[in-house]
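The values are calculated or read from the model by the stated rules, or taken from the named source; none is laboratory data. The shown structure was predicted, so the numbers you read here are calculated from the model rather than taken from an experiment. Every residue, glycine as well, gets a Cβ built from its backbone with ideal geometry; the counts of neighbours run over all protein chains shown. Just so you know, the surface numbers come from the protein's heavy atoms only, side chains and all, with ligands and any DNA or RNA stripped out. Shrake-Rupley method; radii C 1.70, N 1.55, O 1.52, S 1.80 Å.
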Amino acid sequence: MAAKIKSGKYWVMWANTNALNSTKIDDLELSFKNNVKAFIKALEDAGATVKIKAAKRHPKRAYLFHWAWKIHLDKCKPSDATALAGVDIEWDHGDLAKSKAGAKEMVLGFQLSVPPKNTKPPSLSSNHIHGKAIDMKITWTGTIKVKKKTGTEISVKFNQNVNANTDLHKVGSSYGVKKLVNDAPHWSFNGH
């Protein structure tokens, strides 16, 4: 059995080679993909810019995200992390400060949202894994008029805090793309 490699920057590079996320809308589950395309078209037609951060997520990447986030933010002990076949990581460095430092390198390297932008750990069974969630950065200036799926236009003022932009959430929801309000970039088929 090969020796386990301690948590840290290595695992970001490993995941970027062995457990890539997709940033392609076409990799999403069919019905959700169509909903996302329609929502993004409505946003872009109104003058918004949409950047896809993540679409379908590799389960091994989700595993690394989950435990790095929890250990870094003191939500669990490094020894609480479960094992995953094919990911020979050592979360517990034998020293809490070193274990947390390794997890922090991963959180930073993966650019994971932490409080206040995200108050829950990345899920081990995320909708991303099943192609039913997408992380997007949506920006514009001022107020835009966006068409809901019904064709009704709604005025949406830009809010730096996307989690508080309920008008934008209403538009997305009309397309079946629902906002998870404790995770800034995250939208899914069910709001989780």
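Against the conditions (1) over 18 Å from Ser173 (Cβ atoms); (2) touching a strand residue (DSSP E or B) at 6+ places or on another chain (Cβ under 8 Å); (3) open to solvent by less than 70 Å² (accessible area, probe 1.4 Å), Lys53 satisfies every one except (3).
On inspection, Asp74 fails the criterion of being free of Cβ contacts under 8 Å to residues at least 40 places away in the same chain and either among the aliphatic types (A, V, I, L, M) or part of a helix (DSSP H, G or I) (or both).
If you filter segment 151-189 down to residues that are in contact with a strand residue (DSSP E or B) (Cβ under 9 Å, 6 or more places away or on another chain), surrounded by 20 or more Cβ atoms within 10 Å (Cβ to Cβ) and among the aromatic types (Phe, Trp, Tyr), you find that the one that is farthest from Ala46 (Cα to Cα) is Phe189. Looking only at segment 102-148, residues that are of a type in the set (A, V, I, L, M) and either assigned to a loop (DSSP other than H, G, I, E, B) or open to solvent by 20 Å² or more (accessible area, probe 1.4 Å) (or both) come to 5 in all. Filtered by the rule that a residue be in a helix (DSSP H, G or I), in contact with a helix residue (DSSP H, G or I) (Cβ under 8 Å, 6 or more places away or on another chain) and either open to solvent by less than 50 Å² (accessible area, probe 1.4 Å) or of a type in the set (A, V, I, L, M, F, W, C) (or both), segment 77-101 gives Pro78, Leu96, Ser99. Note on segment 166-192: residues that are in contact (Cβ under 8 Å) with a residue 40 or more places away in the chain, outside any loop (DSSP other than H, G, I, E, B) and among the polar types (S, T, N, Q) total 1. When segment 32-47 is filtered for residues that are within 16 Å of Phe158 (Cβ to Cβ), part of a helix (DSSP H, G or I) and open to solvent by less than 40 Å² (accessible area, probe 1.4 Å), the ones remaining, listed by number, are Ala42, Leu43.
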